[in-house]
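So the structure is just underneath, and the comments pick up after that.
The values are calculated or read from the model by the stated rules, or taken from the named source; none is laboratory data. A quick note: this is a predicted structure, and the numbers were derived from the prediction, not measured. Backbone-built Cβ (ideal geometry, glycine too); neighbour counts: all protein chains shown.
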Amino acid sequence: MTDGAPRFLRLGHDLALLVWRGKGAPATRPVLRDETGAPPAPLSALALAGGEGGTRFVWALPSLVAQNATLALDTGGTTIALERFDAAAAPIADATLFDGLAPAARTRLVAALLSDWPRLFRLARAPTYLAAIRALLRAPDGAAGEARALVGTEGDAVIECALPPRFGAVRAATLVSRAGLVSLVPDTLPGERGPRRLLLPRPALAPGEAECLLALRGEGGFVLRRWREPRRVPGLRAWWEQTEGRDPGLRQALIAALSRRSPASRAACTEFQLRCPLTARAERGGGTLPAAEIQIALAGASGTLAAGWLRDPGGFLDDLEILSDSEAPVAFGTRLHRFAGKVAEPGGRAAPATGFLAFLPEVRGPLLQPRFLLRLGSGARRALTPPVQPFDGAARRAAALRAVAPQALDDRLMREALGPALADLQAEACAGVGAPIVKPIGRPVADPVATIIVPLYRVLDFLPFQIAAFASDPVIAGRCEIIYVLDSPDQADVAEHLLTGLNLVYGLPVTLAVMARNGGYALANNRAAALARAPVLALVNSDVVPVRPGWLEALAARLEDPAVVASGPKLLFEDDSIQHAGLYFAPDHRGRWLNHHYYKGMPRHYAPAGRERAVPGVTGACLVLRRRDFEAVGGFTQDYVIGDYEDSDLCLKLRRGGGEIRYVPSAELYHLERRSMNENADYTKGVAAFYNSWLHEGRWRADMEALMHGPFALAKAAAA
């Protein structure tokens, strides 16, 4: 199978290549060995297919190794002794290295030259290797064309260049300059006709270098393109405003690709979309013609939530479609959930329409205006573009909660559409919340035995009553730390002023932690708990006021029993009826398991409510537990929206460790229930409540059934 003797080539001062051509496919792959019988190290071996049959073998090894070793080539039946490598006499690797290779083999050799060998032999910045590579790569492609920058951001640029028709997607790009070899991760942007566009990290030339080479590898081979540093690269806004025949598909693909690059590029994309919005488009067919509008289109990490309305009295509509980043239309199909709705017409009259909601995982990322199509039975399509969507996490979550009327909710719609979107948006809203600003008011307690954490949202009316009650309790006033965590940061000045004044009146030191932005009940409590210094946490709502001193001592005392993981008090309404005497679970008329309070509405001194006992859970309006237990279960679960079910979720997490939760009726507090919740417009519509109950049941149904059909079955019956 041999075709000529093996020969050494040199590639710069540092690398030796041994090349051997063979005919046909060898029975065994030849092996290069040194005098010990083992392959020299380091070593890289390639088997490259010829275009007309045969195989070319290439071994790369450091020049010093090749000069100092006695090498032989073991072909599986014959051993060929090799002359020592002589760097001065060996010819320089040239274009003949590529002669006769199949296209895929040429591409593989280029990959070795630009990526594998520089990494293995640490040659990415070796001057002689770089010079040799530049000379070698120019040969197989002839005169390289030019790549130019079309648009750029701080660290990335869209490169436009001509590529062969069957080049396919660009898989890798390498900048070859005097400064070194730099691998660039490309994104191929849509556009099959004309020059191809690639998003790359912005190439940087070495000082004093006029141009360099950009080596592109694709499915159909590799090409070289010259790159010159442009004097000026237009930014996104300038590019869009100055371009004739603006291409919204290229814009969408560019936004999607740029957003994956860096936080700076993602921010640039958001600003670009806000400054240069697409024109909103709806289909306003009259009479029997179809009409439709996309009002909400929230693209997140897992997909896009689309909502709007349509009318089709003539039966022309076939389906709705969303345009992906590659411009391929993706049908809504069975994912389109319809419900009765209304739409405002000119003049303000509300006309009947069909509302719809769908979750589409095919389009993701920070698009503020995903694009849609109305597909008719005739095959015609009409463009639908929503107005610019909110980009703030909390505002996006609020928009999703308004996407469907509460009466249209059911488990299927929640499972297939709204649930996945809200999970994304809730995580997004929490991730965007920075660390709170901490403001001590008064001299902090030196070594607190307990930390009271009180979340604040909008309603500050009860603070004077709560602080007065805290200040009258000697244990709280002298030995406890109090942290108020403000989840409505626009009220920071008002809250600080109020708490400072109350400190002057009562001398009670507190800490005000101001959230960077609204994050919800769970996140606010978790951030405050991270600031706590005491071993015991008392989680207390802002609308809870103790009846008398001693409540915290009574609840904390139950934690002296290692079997008890949490305790809670009796809570009263303003009229002295019972609001809470422990938490239990029961299914509603639809079979969904919900939270309930023992003896709610009964008189304060109702005898069964006066008995201390173990309960399935206690409300987060006043819940006492060890800080280490709170931290061990990860604190409050943060995927419930706005604030609900986090307390029962926490109790069920604590219970999974085998702990007991105690109801302590000797501790009594008033609870002016949900005053702060009622201030949150995103909650009062009922969608968040449905979502939270659906999420809670899906996570804990088995545990709730086991509890209520087991140890607490009789207690549930008594409470009913």
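Filtered by the rule that a residue be closer than 20 Å to ASP312 by Cβ and not in a strand (DSSP E or B), segment 350-379 gives GLY377, SER378, GLY379.
Of everything listed in (1) at pLDDT below 95; (2) touching a Gly at 6+ places or on another chain (Cβ under 6 Å); (3) not hydroxyl-bearing (Ser, Thr, Tyr), the single unmet condition for LEU623 is (1).
Consider segment 247-298 and keep the residues that are under 24 Å from the mean Cα position of the chain (by Cα) and without any contact (Cβ under 8 Å) to a residue 60 or more places away in the chain. The one that is farthest from ASP312 (Cα to Cα) is PRO263. The set of residues in segment 46-65 being surrounded by fewer than 16 Cβ atoms within 10 Å (Cβ to Cβ) and more than 23 Å from THR128 (Cβ to Cβ) consists of ALA47, GLY51, GLU52, GLY53. Count of segment 292-308 residues, restricted to those that are surrounded by fewer than 21 Cβ atoms within 10 Å (Cβ to Cβ) and part of a strand (DSSP E or B), is 1. Inspect segment 402-421 for any residue being at pLDDT below 95, part of a helix (DSSP H, G or I), crowded, with 17+ Cβ neighbours inside 10 Å and under 20 Å from the mean Cα position of the chain (by Cα) and give the result as yes or no. No; the residues of segment 402-421 include none that is at pLDDT below 95, part of a helix (DSSP H, G or I), crowded, with 17+ Cβ neighbours inside 10 Å and under 20 Å from the mean Cα position of the chain (by Cα). Please find, within segment 150-166, the residue that is modelled with the highest pLDDT out of those that are in a loop (DSSP other than H, G, I, E, B) and over 15 Å from ARG237 (Cβ atoms). The qualifying residue modelled with the highest pLDDT is ALA162. Set side by side, the residues LEU205, LEU213 differ, and just one is over 29 Å from the mean Cα position of the chain (by Cα), modelled with pLDDT under 85 and among the aliphatic types (A, V, I, L, M), which is LEU205. Across segment 135-149, a minimum of one residue is classified as touching a Phe, Trp or Tyr at 6+ places or on another chain (Cβ under 7 Å), aliphatic (A, V, I, L, M) and either surrounded by 15 or more Cβ atoms within 10 Å (Cβ to Cβ) or modelled with pLDDT of 90 or more (or both). Scanning for something assigned to a loop (DSSP other than H, G, I, E, B), in contact with a strand residue (DSSP E or B) (Cβ under 8 Å, 6 or more places away or on another chain) and touching a residue at least 24 places away in the same chain (Cβ under 8 Å), does segment 587-599 turn up at least one residue? Yes: segment 587-599 contains one or more residues that are assigned to a loop (DSSP other than H, G, I, E, B), in contact with a strand residue (DSSP E or B) (Cβ under 8 Å, 6 or more places away or on another chain) and touching a residue at least 24 places away in the same chain (Cβ under 8 Å). Has segment 170-191 got any residue that is over 24 Å from ARG266 (Cα atoms) and modelled with pLDDT under 85? The answer is no, given that none of the residues of segment 170-191 is over 24 Å from ARG266 (Cα atoms) and modelled with pLDDT under 85.
Residues are listed down the side, and each one gets a yes or a no for (1) touching a residue at least 12 places away in the same chain (Cβ under 8 Å); (2) surrounded by fewer than 17 Cβ atoms within 10 Å (Cβ to Cβ); (3) in contact with a Lys or Arg (Cβ under 9 Å, 6 or more places away or on another chain):
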| position | (1), (2), (3) |
| --- | --- |
| PHE470 | yes, no, no |
| VAL475 | yes, yes, no |
| SER488 | yes, no, yes |
| ALA492 | yes, yes, yes |
| ALA522 | yes, no, no |
| PRO535 | yes, yes, yes |
| ALA538 | yes, no, no |
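Set side by side, the residues PRO290, PRO329, PRO313 differ, and just one is modelled with pLDDT of 90 or more, in the same structural domain as ALA408 (by TED's automatic domain parsing), more than 30 Å from ALA350 (Cβ to Cβ) and not hydroxyl-bearing (Ser, Thr, Tyr), which is PRO329.
Residues are listed down the side, and each one gets a yes or a no for (1) surrounded by fewer than 16 Cβ atoms within 10 Å (Cβ to Cβ); (2) part of a helix (DSSP H, G or I); (3) over 48 Å from the mean Cα position of the chain (by Cα):
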position: GLN67; (1), (2), (3): yes, yes, yes
position: LEU73; (1), (2), (3): no, no, yes
position: GLY77; (1), (2), (3): yes, no, yes
position: ILE80; (1), (2), (3): yes, no, yes
position: GLU83; (1), (2), (3): yes, no, yes
position: ALA88; (1), (2), (3): yes, no, yes
position: THR96; (1), (2), (3): yes, yes, yes
position: ALA105; (1), (2), (3): no, yes, no
position: VAL110; (1), (2), (3): no, yes, no
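Within segment 538-550, the presence of a residue that is in a helix (DSSP H, G or I) and under 18 Å from ALA621 (Cβ atoms) is excluded.
Could you please let me know if SER577 is surrounded by fewer than 24 Cβ atoms within 10 Å (Cβ to Cβ), among the polar types (S, T, N, Q), in the same structural domain as VAL664 (by TED's automatic domain parsing) and touching a Leu at 6+ places or on another chain (Cβ under 8 Å)? Criteria not met by SER577.
Conditions (1) at pLDDT 90 or above; (2) β-branched (Val, Ile, Thr); (3) part of a loop (DSSP other than H, G, I, E, B), marked per residue:
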| residue | (1), (2), (3) |
| --- | --- |
| VAL19 | yes, yes, no |
| PRO39 | yes, no, yes |
| ALA47 | yes, no, no |
| ALA60 | yes, no, no |
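Counting only residues that are at pLDDT 90 or above and either part of a helix (DSSP H, G or I) or farther than 29 Å from ILE322 by Cβ (or both), segment 235-248 holds 7 of them. Determine whether VAL158 is under 29 Å from the mean Cα position of the chain (by Cα) and within 24 Å of LEU101 (Cα to Cα). For VAL158, the condition - under 29 Å from the mean Cα position of the chain (by Cα) and within 24 Å of LEU101 (Cα to Cα) - is not met. For segment 681-720, taking the residues that are among the acidic types (Asp, Glu) and modelled with pLDDT of 95 or more, the one that is nearest to MET414 (Cα to Cα) is identified as GLU697. Mind listing just one residue for me: the one in segment 629-645 that is over 15 Å from ILE453 (Cα atoms) and more than 22 Å from the chain's Cα centre (by Cα) and, of those, modelled with the lowest pLDDT? It comes out as ASP644. When segment 475-523 is limited to residues that are among the polar types (S, T, N, Q) and part of a loop (DSSP other than H, G, I, E, B), the one that is farthest from PRO464 (Cα to Cα) turns out to be ASN518. Scanning segment 467-521 for residues that are at positive phi and modelled with pLDDT under 95 yields one hit, GLY520.
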